[in-house]
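The values are calculated or read from the model by the stated rules, or taken from the named source; none is laboratory data. Computed from a prediction, not measured in an experiment: that's the story for all the values here. Glycine gets a Cβ as well: all are built from the backbone with ideal geometry, and neighbour counts include every protein chain shown. Calculation scope for accessible area: heavy atoms of the full protein, side chains included, ligands and nucleic acids excluded. Shrake-Rupley method; radii C 1.70, N 1.55, O 1.52, S 1.80 Å.
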Amino acid sequence: MSFSKVLVVFRKEMLDLLRDKRTIFSSIVLPIILYPILMIGFNSLMSRQTIKLEEQEVIVYVLDNVENENSYFFLENLRETKGIQIYQQTEAYQMLFDEKILQAIITLDEEPLDNEYEQLKVTITYSAVDEKSELAYNQTTKFIRGLREQLVGKRLQAINISENVLKVIEVVDDDIATGEQTLGLILSKILPYFLIIISISGAATAAVDLVAGEKERKTLETILVSAAKRNELVFGKFLSVITISIVTVVLNLLSIFFSFRHIMSQAALDTVPISIPIGNILLIMSIMLPMIILFGSVIFSLSTYSRNMKECYSYTQPIMIVAMLLSLIAALPAFETTFGLTLIPVINVSLLTKDIMLGDLNIYHYLATLLSTCILVAIAIFISIRLFNKEGVLFRTVEEGSIVKDKKGRFNPLNPSFAFLFFLFIVLLFYYLAISWQTENLEVGLIKTLLLLVLLPTILVIKFGKLSLKETLSIRWTNPLNYLLVLLISVPFFVIVTHIAQLINFIYPFPESYLEMFQNMVLFEGKGAWYTFFIVALLPGIAEEVMFRGYFIQAFKSKNIWISIVVSAVLFSLLHLDIFRFIPVALLGIWLGYLLVKTKSIFAPMLAHIAHNGLALVVSNIGDKIPFFELMVKDDNLAWWTILPALALAYVLVILFNKLNKGSEEFATERVVER
């Protein structure tokens, strides 16, 4: 690869982008003028309106049901209070309050405390959604606090006791926070959100235009026949995307800081001038740079895949929404940076930005965030290069057919797009029905979920598609030795998956409520062993395998058999709606898909699934009765050394399994026929 050619492509793309008025406006002009106008202008307007509101006089009506010395004293002082006007008439005051002419109604009652003293009870009727009414409430409560001290003083004087007897504790505020720290606190709540969104929008502006835009303008072919190779074109275009994104982020970062600095100076939060935290800005940019490259490569890949700019923008919207939600983590209370969170993209940068602004940076969290993001960057760039080098992707300009019907206009349930829609439909059913069923009654809810939301819809889709149920679900027998090997492999595989779950628990500690819920799923107290086995192992092993290793494997098989295995495993894990078990369940799904492809029989993954869940039941209920089990368990976790014999045993058994089932080409190429 020639670096000089990469630079030529880079200069060419940068010139094209800078000639585009949209790029100039969104990347350069908008950051410079947007935040000063929005923040400074809005802050000035809000301050002016707040002062104007506070200077307004509110009208209240006082309903005196007591008419004694204390109530008269209350009314006399209230009349002298600035900003509060008492409505004198007694007629139709409720109607005037409903029409918002009166801002509050103050009702005075009296409650006896003992034989000697009585308490003046003040009820303030107001509307919290009406600004003037809430202002009337605030002014009245402020007045009452001052009046209370006067009334207490009068009572103490009447019994010849000094008011100093009440002065037990004096609170003195001694805030040591500097202006920079106060600015950091404010920015730490919103800066991650702005930077993440700006990174995506900046990358989208350039990436969408450089590939999808050129497809639309029919100029991509001209570039492809130039002297530059595909990889040189990719890196040249990619550098352009990164450059525009970095410029956008830097300008936005500086504009946000100067705007907030001006606002805080106007608010006189600190008598010492607030200086620019150059070190903080450099640290933030050092963690934002990999994130910018990550977003740029992801959107570049989407632009390469898309047929036009409209399609590409439709793909970037979900990324924008997810990133927005994840970036808000920094604004939530009691969220602190942990090693586990540094491995999650967007969340790690969001929390680390907050730590930097607060001066609470942990160097290990910083390095973990950089490393995890850089690994994702390498993967994303590799995918971008692969996609740009595929002719079928790069020139994907012909509109695809219906997601429901085949070329002959018949309903096709094995279309991958329809399969995704079907999965989303099942997820919605789980969310709206399964959760409520299982909350009301766990065991009955599980049975209804597996039968009505997993097994039945899958069979109906296959039937409506007029496909052979036997061929679609791979209902065929296999070599009897396979069943024995599947059962044997299930033991070491269960140990391996359990160790993975324990590792996840170490990085992302499971909540106690989650552990209790999971324990309730495998322990139905008072129920028979076979009944529990039916609900937890047998029924899920049949119903879930019919859907995922039966239907979904076939639906995605047209792409690639391994893609089909992985996609069905990911969907299998997602449907469990359990973020803590996502990786272990996905790995289990890959293993079950591998069993199906090798044996060409749905019964093999069914048996493995049943055996896996059955082992969880056995360990949870009678594990302490298993010989040598105590040696394998330490502090309710499997001992670390058990992973080594489990891996060795699994390796030997899988080799035997592969020798018994050579090749998977037949399953990958065989077609499902109609009934």
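The mean sequence separation of alpha-carbon pairs under 8 Å and at least six residues apart, normalised by the residue count of the chain, gives a relative contact order of 12 percent. Normalised by 2.2 N^0.38 Å, where N counts its residues, the alpha-carbon radius of gyration of region 459-580 equals 1.27. One Cα centroid belongs to region 79-134, the other to region 295-361; the line between them spans 50 Å.
Model label points for residue 168 and residue 113, set 7 angstrom from Cα along the Cα-to-Cβ axis, are 1.4 nm apart. Taking amide H atoms as placed 1.01 Å from N in the peptide plane, the amide H of residue 633 lies under 5 Å from those of 639, each 5 or more residues away in sequence or on another chain. Taking Cα atoms only, the orientation of helix 480-507 departs from the longest principal axis of the chain by about 30 degrees. Normalised by the number of residues in region 284-355, the mean separation of alpha-carbon contacts (under 8 Å, six or more apart) gives a relative contact order of 30 percent.
Once Rg and Dmax of the Cα atoms in Å is calculated for the structure shown, the corresponding label among (1) 30.6, 110; (2) 29.7, 105; (3) 34.1, 103 turns out to be (3). Compared with the dominant Cα axis of the chain, that is its longest principal axis, helix 347-357 is turned about 40°. Considering only protein heavy atoms and a 1.4 Å probe, what is the carbon-and-sulfur percentage of the accessible area of region 150-264? Percent of accessible area from carbon and sulfur atoms in region 150-264: 62.
Loop sites here are GluC sites (Glu not before Pro) outside DSSP states H, G, I, E and B with no more than 11 other Cβ atoms within 10 Å. The longest part of the chain free of them is 171-335.
DSSP finds beta bridges in the chain, and of those with both partners inside it, around 60 percent are antiparallel. Once backbone amide H atoms are built at 1.01 Å from N, residue 110 has 121 as its partners under 5 Å, excluding neighbours fewer than 5 places away on the same chain. What the phi angles of region 88-93 give under the Karplus curve with 6.51, -1.76 and 1.60, with θ = phi - 60°, is a coupling list of 8, 6, 10, 8, 6, 5 Hz, glycine and proline written as x.
As a calculated quantity, the FRET efficiency between residue 152 and residue 65 at R0 = 25 Å, using C-beta atoms, amounts to about 0.65. Just to confirm my numbers, what's the Cα centroid distance between region 499-513 and region 416-475 in Å? The distance from the Cα centre of region 499-513 to that of region 416-475 comes to 29 Å. What the phi angles of region 457-469 give under the Karplus curve with 6.51, -1.76 and 1.60, with θ = phi - 60°, is a coupling list of x, 5, 5, 5, 4, 5, 5, 5, x, 6, 9, 6, 5 Hz, glycine and proline written as x. Structure note, pairs 470/557; 310/390; 466/557; 21/237; 21/310; 215/557: Cα-Cα distances above 27 angstrom occur for 215/557. The angle separating the long axis of helix 603-622 from the principal Cα axis of greatest extent in the chain is about 50 degrees. Charge dipole (Cα centre; +1 on Lys/Arg Cβ, -1 on Asp/Glu Cβ; no other charges) of the chain amounts to roughly 5080 debye. Computed with a 1.4 Å probe over protein heavy atoms only, the accessible surface of the chain comes to 55 Å² per residue.
Straight-line cross-link partners of residue 167 among the lysines, defined as a Cα under 29 Å from its Cα and at least 8 positions apart when in the same chain: 82, 121, 142, 154.
FRET efficiency for the pair residue 81 and residue 332, taken as 1/(1 + (r/R0)^6) with r the Cβ-Cβ distance and R0 = 41 Å, rounds to 0.55.
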